[in-house]
Every structure is written in C-alpha cells, then in structure tokens.
Amino acid sequence: MTFDIDMIRKVYSGMPEKIEKVRKTLGRPLTLTEKILYSHLDKTMQLTSYKRGSDYVDFQPDRVAMQDATAQMALLQFMQAGRPKVAVPSTVHCDHLILADAGAKKDLETAVVKNKEVYDFLSSVSSKYGIGFWKPGAGIIHQVILENYAFPGGMMIGTDSHTPNAGGLGMVAIGVGGADACDVMAGLPWELKFPQLIGVKLTGKLNGWASAKDVILKVAGILTVKGGTDRILEYFGPGAETISATGKGTICNMGAEIGATTSIFSYDGKMGEYLASTGRKELAAEADKIKEQLRGDKEVYENPAKYFDQVIEINLSELEPHVNGPYTPDLAWPISKFAQAIKDNGWPAELEVALIGSCTNSSYEDISRAASIAKFAAEHNLKAKSEYTITPGSEQVRFTVERDGYLQWFDRMGGVILANACGPCIGQWARHTKDPAKKNSVITSFNRNFAKRNDGNPNTHAFVASSEIVTALALAGSLTFNPLTDELVNDKGEKVKLAEPIGIELPSKGFEVKESGYQEPAANGSEVKVIGAPDSQRLQLLAPFAPWEGTDLKGLKLLIKAKGKCTTDHISMAGPWLKFRGHLDNISNNMLIGAINFFNGKTDSVKNQLDGKYDSVPKVQRAYKAAHLGSIVVGDENYGEGSSREHAAMEPRFLGVRVILVKSFARIHETNLKKQGMLALTFANKADYDKVQEDDAIDVAGLTSFKPSVQLAVILNHKDGSRDEIKANHSYNEQQIKWFKAGGALNLIRS
Ligand code: MIC
Ligand code: SF4
C-alpha cells in the first residue's frame, strides 16, 4: 500500500530543470498550475505558450484512481485494450455500493453479500493488471487517496468528479470518464483543453464557526455551477497557509460543483505536517528539497491580475458560515440570511435529517469540530432533534477518532455511525421516512444537492454546509436556527447558547488503523483469472460500437428537448441504479428518466413519433432503435454537469442516440460523449433552442467535411413541412474527429 516514493522521486528529479525551461520559453514567472501542467506534458508536445481555454494538450499523468461504480466500465474497457498490466500506478476503491440503512457493521456485511459479484470482478481484474485494490469498508476514494497517494506537484486523473480533492496536497488531480482512465492505464497520453486560470487570494484567518467548507460555499456562490468550466482555481495568499491540508482538500473537492477542471494549493507547512502525520515523512523531505517548484512564483502571487485570467479575493477573518441550496450547490446563503430565505421561499423549516461525513468533510479535523459541538450538547443536556448520521471518510480516520474518544459524543447526541463509504451522498440510503409525498428538508456536509440525489425523493430539499453547522442544526431540528446568535432550550427547559467549535487538525498520537482494507495486486498477473459469470445481470462484456457510416445524418427523431438543469443525475441516475454500472444494457433503462421534457413539463414522458403516444424515455428510444432510426437529444445550459460517470454518454450511444445538441456542456460529460463516438454539438445561436419542435426530424450536414473549428449545419424538419436551418458549433480536434469516425476512441486503440 506504500506510496510510490521511487515514482515520486523520479517526478521531482526532472521538475526543476523542466520548470526553468518553461520560464525561459514563456519569458515570465509561472503559476503553480502551469509548473505542474508543463512538467507533465506528453513528450510529443511542444514547449510553447498554449492558448488557455481552447488548445488541446496531451499530458502524462502519474497516477490513476477509480471508484467501484465507475471502475467497472473503465476496467471493462481496459480489458479490451489488450495490455498485460497498467502503465502507471493505479488503484480501485470500493465505496459507492454500500447502502446506508442500519449502521456501519450491518450495512457493510449486507453490501459484501449483495455486491459480491462486482467486488470479485474488481478485485480479480485489479490483481491481474497490477492495480491496488481497496476493499469495501476501507473508505471513500478521495480520503484514501489523500491519506496514501496524493503528492505535491503530481498529476493524477480519477474516474470521479471529486478527484480534485487531492489539490489539498498540491496535486493537479482531475476527474475524467472511464475511457480516459483506460487510455492512461494503457500507456497513452491524456488530452485536456489547456485551462484558464482563476487565482483565489485568501487573506486573514478562519475563526469561530467559519471553516474551510465556507470558503468553497462562498466561491460557488460567486462563480456558479458553470463558472469553473475549463478553468483551474489556484488558491494562494497568507490565508491559504493557515488552512489545514484536509481543509484545503475540502475546498478543492467541491470545486467540482462549479465545474472547475481542478483546484490547487501551493505546498506549505500544513501539507508537510499532514504528510508526516500520515506516515510519509520521507515524501515531505523530498518535497521540501524542491519546495520552490511546488509553489507559484512570488511575482505571480504579488501581482495576480497579471498572470491569472480572473482573480477573486476572500478575507477569511470576515467569512461567515454558509448554507447552500436547495437543489443546486451554488445557491449560497450566509447563515445570517438563511432563516429569512427559508421563510421567503416557503422551504420546509423543520429539519428531518442531518448528515455529516462524505469525501468532502470527513477528516480528523472535521470530525473533531463536529464532535466538540456534540460533546458540548451532551454536557448541556441537549439531544439531536433531527435524525443525525456520520460517515467517516476512511477506516484510518474512523479508527483514529474512535481511539481518541470522539465517536462516543455522536452516540450520546443520538447519532448513527454509518460505514466508511459514500452512502446517502449518492442515494445509497434507505431513508426511513413516513410520508415521502410531504415537502421536507435535509442538510448534509456533502457537496451535491441536486433533486432526488440523496433519497430519490423530489420533495426533499437538500442543503449543504460544514460538519459543525450541520451538527448545530441537528440539535435545533430547524433550519431557521443560527448557532452564532440564537439559543436552544435543553431537556431541563434551560436556555443554552452553543460554544464555538474547536477543531484539532491532526491527532497528537498520529493516525492508526488495524485493518486498512488494502489488497496488493498479484506478482504474476497473467495467472489470475477474471471472475465473472456470462449470464450476470450486473456485469456485461462490452461490444464495440459501430463506426460512422460516412454520410450526413438524416431524419433523426427528436427524443427529448430537456428543459433547465440536466445533470448526470438526471441523465443516468445513481441510487438504486448503481447496481447496474457494469451492465450497459441494464443501466440504459434509466437513460434520461430524470430530465424534464420541455413540451409537457414532465419527467420520463416523451412522445414516440412512431405512434404519437407518450412513454418513458428509454422505452421510446428502444422503439427507435428497433426501427433502425437514429435520434437526437436537445438540452439547455451546462448539460451533463456533476458526475464523471460515462454511463451518461454510453447509454445514449448504446441505445442509438446520435447527437446531443445543447446550449453548453460540462467539461467531463462533453469529453465522455466524444470518447464514445457521439456528436456533442452546441447551438451557435442559443436562441435556436426555441426553434426545436416536438415532432421534428433533424438532419446534421457537413460531416463529410468534418473539421476542427468549422460549424455544422442542423436542419429542423418540422411536422407542418416547414424547416429551419441553424448552425451548430463543436469543439472536436483532429484526434477527436477520428474517434467519431471510428465509432469511439476504444475502437482506435483496439485497432
Ligand atoms: C458523485 O458524487 O456524483 C459520484 C457518484 O461520486 C460520481 C461518480 C459516479 O457517478 O459514479 C462523480 O462525482 O463522478
Ligand atoms: Fe462519494 Fe459523495 Fe464523494 Fe461522490 S461526492 S465520491 S458519492 S462521498
């Protein structure tokens, strides 16, 4: 399980010289992001100033990380690539498939039985191909990566959108689809649009109830869910150095919610302490040797407006705790305004469930801060008025906080400790609710709060905040409580004002764990057999997609014109569907069932143009497929925001959708579509969205001369015989056009 110090030494040994060369070539000081990106350029790339936000550049990442729900597809694809072993250090983490129901021990036991097939498959494939495997119960991918593998100055890709968590240790860590991971594991370069850079200058120091989480909740409010697309956020300034490494991780983690490519902090003392405390003194010593390379240049931080495309400044001393939501993570409320917002909007004030933990907020520090509130409550005869759950991020954190006596306070407050896993964050939650038809509220310390995400119920209003604010609100049982100013009444009828949380960044006795849950790959993988039954309902080998037919596309049926927010949760829902993540045919039955049909305002109800009847989206699409008719999906802004799950691209591909035409895309989803051989197009004129009618048959012209930067024509053939010809933009480069023509990137690797 040891971090790969030799690999890291190799990366570090080349860095100073490479960075000096870049500085000379570009003739200016460099941001940290540029230092890391340029020192990971693929050998085929030139050293030149890349145009931010538009030039595609090839990189060579140092690591790959995969979680169980996405690893299945990534590894099914890797198995087709025909390589004996992964080309870079890679790991798989079993965290998404554990249902939260009765508490940690029972839930884990149930999951191991229920998901046996998938765990056996992942464990055997990992062992065969040289991949480190973290068993269920070991922890959530991003926490385990931070504790074991992340390193300052490194570059990692991961099949999960919160991979940027590792930015808390100064790593450029980027969320991708499984096909991208497959490329890197197969030894191919990895392509990314060279990002624009946003500098976030932090001054002052967090105090009282304010925490690292509030930094990102505020940034989300400023930049919105689209504001980070094709951008990397680099945090710096005196305030940055006062935040713990895990607090930095929280900030970088939730950068995913603004669509950021990733977020990062420069190497500093806090990171060094964290490395030492997690058994990596040796690595800290190596990083210290080249610490100037692991920070942005002084001139950049002194004069950020000159080197970043945008600069945001936040004074931590004045930062108020925030609560964001409902339904979108960028609806940011300072706590002093939140009670009024609840009243003004008629959101349910009663808090039914409060949940802490997740990959975003489950460090030792987070748990100690929340536990200090729970301890104060126990000492002052206060009990939780809402249901209250705790999901530790890893077995190492759980073991250590139990040893140090924190868990008992949650217990006394009335809390339930869940397994070290994603659980309710991804809808793996058997919520015990009496009346699901009732509007209700929950609050979490997680990162996403899209409709239906946690419990599948559209009536649930989900909010996000820090672990300590969530804990305080659990005690109040109400969302209109402000712990900074208001009092609670305890069992004895006394008024109590909560004390401010006290956090301990790192355990004084160091971290400890008995059973880490790690499995080393086999020394000789060729002898390992992959475990999987041919008639499985959960795993299905992939068949190659058909290549492009060589002509323009004619008469595509409009499958759905999606209205408003259409995240990957709307396109390929998680929760109960997670069990089919390794079975493309089965999971395709959830395609777009959460998207709202523009024409009737309903979900999962679209017109079948063949018989004029309304039916569920996957059914209608299967009817088109059976009739050998292609189709098209039309969407709104930031289509595909949220998760990295490539199922959201593979399902339409598998069922015969040919084109996704939207106002704008989220980065990972757009790439996933291209990788699978789909046409991902955007309206050249966004108002043309309004021209699309329910019974349209749509043509796409210009494909025989498909070229980078050249628009395609889209012809809307309306039912009444009239037609509209509109223009569509695309962002395909030469290589991506080849993917389209081959019917998907994997078809190219294979050949
Ligand atoms: C999420 O937070 O939405 C997930 C579940 O972790 C996803 C990955 C998935 O869909 O498997 C993500 O963020 O990429
Ligand atoms: Fe798991 Fe939630 Fe983190 Fe995604 S955001 S990795 S589902 S804990």
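Rounded to the nearest 0.05, what FRET efficiency do D611 and E379 give with R0 = 56 Å and r taken as the Cβ-Cβ distance? Could you check? Please report the intermediate quantities before stating the final value.
Values: r = 67 Å, r/R0 = 1.20.
According to the calculation, E is roughly 0.25.
Size of segment 559-646 from its Cα atoms: along the principal axes, largest to smallest, the extents are 34, 28, 20 Å. Per residue, segment 411-536 exposes 45 Å² of accessible surface when a 1.4 Å probe is rolled over the protein heavy atoms with every protein chain present. Inter-label distance, K438 to D585: 4.4 nm, where each label sits 7 Å from its Cα along the C-beta direction. Accessible area per residue for segment 1-139, computed on protein heavy atoms with a 1.4 Å probe, is 39 Å². In terms of its Cα atoms, segment 60-120 spans 43, 22, 14 Å along the principal axes, sorted from long to short. Both radii are taken from the alpha-carbon atoms of segment 438-572; with Rh as the Kirkwood radius, Rg/Rh is 1.16. Straight-line cross-link partners of K306 among the aspartates and glutamates, defined as a Cα under 13 Å from its Cα and at least 8 positions apart when in the same chain: D297. Taking 0.36 nm per residue of separation and subtracting the Cα-Cα distance, full extension of the segment from Q537 to K497 would add 9.0 nm.
Please give the length that would be gained between R412 and D344 if that part of the chain were fully extended, namely 0.36 nm times their separation in residues minus their C-alpha to C-alpha distance (nm, one decimal).
Roughly 21.0 nm would be gained on extension.
For segment 422-475, taking the reciprocal of the average inverse distance between every pair of different Cα atoms yields a Kirkwood hydrodynamic radius of 11.4 Å. Across the alpha-carbon atoms of segment 349-474, the computed radius of gyration and Dmax are 13.7, 42 angstrom.
Relative contact order of the chain: 14 percent, from C-alpha pairs under 8 Å at least 6 residues apart in sequence.
Please tell me the relative contact order of segment 230-283 in percent, rounded to the nearest whole number, where contacts are Cα pairs under 8 Å and at least six residues apart. Intermediate results must be reported in sequence, preceding the final value.
Details: 49 pairs, mean separation 23.6, N = 54.
Across segment 230-283, relative contact order equals 44 percent.
For segment 465-534, the alpha-carbon coordinates run over 68, 40, 23 Å along the three principal axes, in decreasing order. Once both labels are positioned 7 Å from their Cα atoms along Cα-to-Cβ, the gap between Q711 and T551 label points is 2.6 nm. A Förster radius of 22 Å combined with the Cβ-Cβ distance from E512 to K289 puts the calculated FRET efficiency at roughly 0.15. Roughly how many whole Å is it from the C-alpha centroid of segment 484-536 to that of segment 547-587? First find each Cα centre; the distance between them is then 34 Å. Starting from the Cα of K128, draw a straight line to each of the lysines and keep only those under 20 Å, dropping any in the same chain fewer than 8 residues away. Candidates past the 8-residue exclusion: K85, K116, K529.
With helices as the sole contributors, the chain gives -9000 deg cm²/dmol at 222 nm; each DSSP H run of n ≥ 4 counts as -39500 (n - 2.57), and the sum is divided by every residue. The Cα-based radius of gyration of segment 709-751, divided by its Kirkwood radius, gives an Rg/Rh of 1.21. Using the alpha carbons alone, the radius of gyration of segment 317-421 stands to its Kirkwood radius in an Rg to Rh ratio of 1.00. Each residue, N490 and L26, gets one label point 7 Å from its Cα in the Cβ direction; the gap between the two is 5.7 nm. Each 10 Å bin from zero holds the following percent of Cα-Cα pairs in segment 102-148: 24, 46, 29, 2.
A convex hull fitted to the Cα coordinates of segment 612-751 yields 125 cubic angstrom per residue.
Split the accessible area of segment 663-733 by element, probe 1.4 Å, and carbon with sulfur accounts for 45%.
Taking the alpha carbon gyration tensor of segment 229-273, multiplying each eigenvalue by 5 and rooting it gives semi-axes of 20, 10, 8 Å, largest first.
Note on segment 181-217 and segment 99-169: Cα centroid distance 21 Å, given to the nearest whole angstrom. The GluC sites (Glu not before Pro) of segment 504-597 meeting both criteria, a DSSP state outside H, G, I, E and B (loop) and at most 12 other C-beta atoms within 10 angstrom of the site's C-beta, are E512, E515, E549.
When you work out D = kT/(6 pi eta Rh) for segment 54-182 at 20 °C and 1.002 mPa s, using the Kirkwood radius from C-alpha pairs as Rh and the Stokes-Einstein form, the result is 142 µm²/s.
Which log10 I(q)/I(0) values does segment 1-121 give at q = 0.16 Å⁻¹ under the Debye formula, counting every alpha carbon as one identical point scatterer? At q = 0.16 Å⁻¹ the computed log10 ratios are -0.93.
Can you tell me what the convex hull of the Cα atoms of segment 140-216 projects to on average, as an area in nm²?
Values: hull surface 27.0 nm².
Mean orientational projected area (segment 140-216, Cα hull): 6.7 nm².
Could you check how much of the accessible area of segment 18-161 is carbon and sulfur, as a whole percent, using a 1.4 Å probe? Before the final figure, lay out each step's value.
Numbers: 2390 of 4520 Å².
That share works out to 53 percent.
The residues of segment 576-626 have, on average, 41 Å² of accessible surface per residue, using a 1.4 Å probe with all protein chains present.
For V311 and L748, a Förster radius of 60 Å and the Cβ-Cβ distance give a FRET efficiency of 0.90, rounded to the nearest 0.05.
In whole Å, what three semi-axes, largest first, describe the equivalent ellipsoid of the chain built from its Cα gyration tensor (square root of 5 times each eigenvalue)?
The three semi-axes for the chain are 38, 31, 26 Å.
Whenever you get a sec, compute what percent of the accessible area on segment 245-400 sits on carbon and sulfur atoms (1.4 Å probe).
Numbers: 2410 of 5190 Å².
The nonpolar share, carbon plus sulfur, comes to 46 percent.
The values are calculated or read from the model by the stated rules, or taken from the named source; none is laboratory data. Because the structure is a prediction, the values reported are computed rather than measured. For neighbour counting, all protein chains shown are included, and Cβ atoms are generated from backbone atoms with ideal geometry for every residue, glycine included. Protein only, heavy atoms only, side chains kept; ligands, DNA and RNA dropped before computing areas. Shrake-Rupley method; radii C 1.70, N 1.55, O 1.52, S 1.80 Å.
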